[in-house]
1. Suppose every Lys and Arg Cβ carries +1 and every Asp and Glu Cβ carries -1, with no other charges. What dipole size does the chain come out with about its Cα centre, to the nearest 20 debye?
2. Can you work out the accessible area per residue across the stretch 61-197, with the rest of the protein chains kept in place, probe 1.4 Å, in square angstrom?
3. If I stretch the segment between Ala12 and Glu40 completely, what's the gain in nm (0.36 nm per residue apart, minus their alpha carbon distance), one decimal?
4. State the Kirkwood hydrodynamic radius of the stretch 37-154 in Å, one decimal place, computed from all pairs of distinct Cα atoms.
5. Please compute the volume of the convex hull spanned by the alpha-carbon atoms of the chain and report it per residue in Å³.
6. Quick one: length gained pulling Asn129 to Glu154 fully straight, 0.36 nm per residue minus the C-alpha distance?
7. In whole angstrom, note down how far apart the Cα centers of the stretch 122-154 and the stretch 69-105 are.
8. What residues qualify as long-range amide H neighbours of Gly147, i.e. H under 5 Å apart, gap of 5 or more or another chain, H built at 1.01 Å from N?
Amino acid sequence: MNRILVAYATMAGSTVEVAQVVGEEIAKSGLQVDVLPLSEVQELAAYDGVVLGGPMIMGWHRAALRFLKKNRGAFQRIPLAVFVTAMSLTQTGETSVGGVPVYVDEKLPRPPENEGRLKFRERYARLANYLRPILTATRPVKPVSVGVFGGRLEYGRLKWWAVLFVMLIVQAPAGERRNWPAIRSWAAGLPAALQAE
Ligand SMILES: Cc1cc2nc3c(=O)[nH]c(=O)nc-3n(C[C@H](O)[C@H](O)[C@H](O)COP(=O)(O)O)c2cc1C
């Protein structure tokens, strides 16, 4: 294995730097890494491993999901890892979903107000709910690893409907939640995780 693609989708731009840091960390192990927006990805055949990242935007970023579905055949040969950025995650303590190991940025999850009776937005923001469409899109392939990290939210850049959704459902304050040590720590394990396939 020697060439890895780190591809990303983004709405407001903060996932770009996450992808770059993931790429940097993988490159430390001597692998050749291309970090590209999904719109610039052409051929997967040249790669020995793919890392695909994108933010939660009322579900995982549509373009990232589409890319998974479109290339699920290729992922039967090329190992895949996935990362997700988000501003809201309900604490459930899960470390895997559907048999896929999940690394969760420890600063992101919030405990539910009432463990026994989750509110709608707390149920919505469960790890399994976020990841289910991703794991369905790659079926029968399973990503070797999934990382879930805090992102960055800036209300000023959003359209009114986006502000409404974020205020009602995500309920996260604007700001910077990207946890670089967590992102680097997950990414440092990727060369081994992708190679083990
Ligand atoms: C319209 C919209 C919907 C969002 N939906 C969710 C969501 O469902 N869950 C969540 O945790 N964060 C949600 N977020 C927060 C984003 O995932 C977070 O801000 C991310 O870092 C944005 O990445 P980007 O800057 O690359 O677009 C949403 C943000 C926007 C603007």
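1. 700
2. 53
3. Values: separation 28, 0.36 × 28 = 10.08 nm, distance 1.74 nm.
Here the answer is 8.3 nm.
4. Result for the stretch 37-154 stands at 14.9 Å.
5. Dividing the Cα hull volume of the chain by its residues yields 109 Å³.
6. Details: separation 25, 0.36 × 25 = 9.00 nm, distance 2.40 nm.
Working it through step by step, the gained length comes to 6.6 nm.
7. Spelled out, the Cα-based centre of one part sits 5 Å from the other.
8. The list, which skips near neighbours in sequence, is Val82, Phe83, Val84, Tyr103.
The values are calculated or read from the model by the stated rules, or taken from the named source; none is laboratory data. Worth saying up front: this structure is predicted, and the values here are computed from it rather than measured. All Cβ positions, glycine included, derive from the backbone under ideal geometry; neighbour counts span all protein chains shown. The protein model used for the area step is the full one, side chains on, heavy atoms only, and it has no ligands, DNA or RNA in it. Shrake-Rupley method; radii C 1.70, N 1.55, O 1.52, S 1.80 Å.
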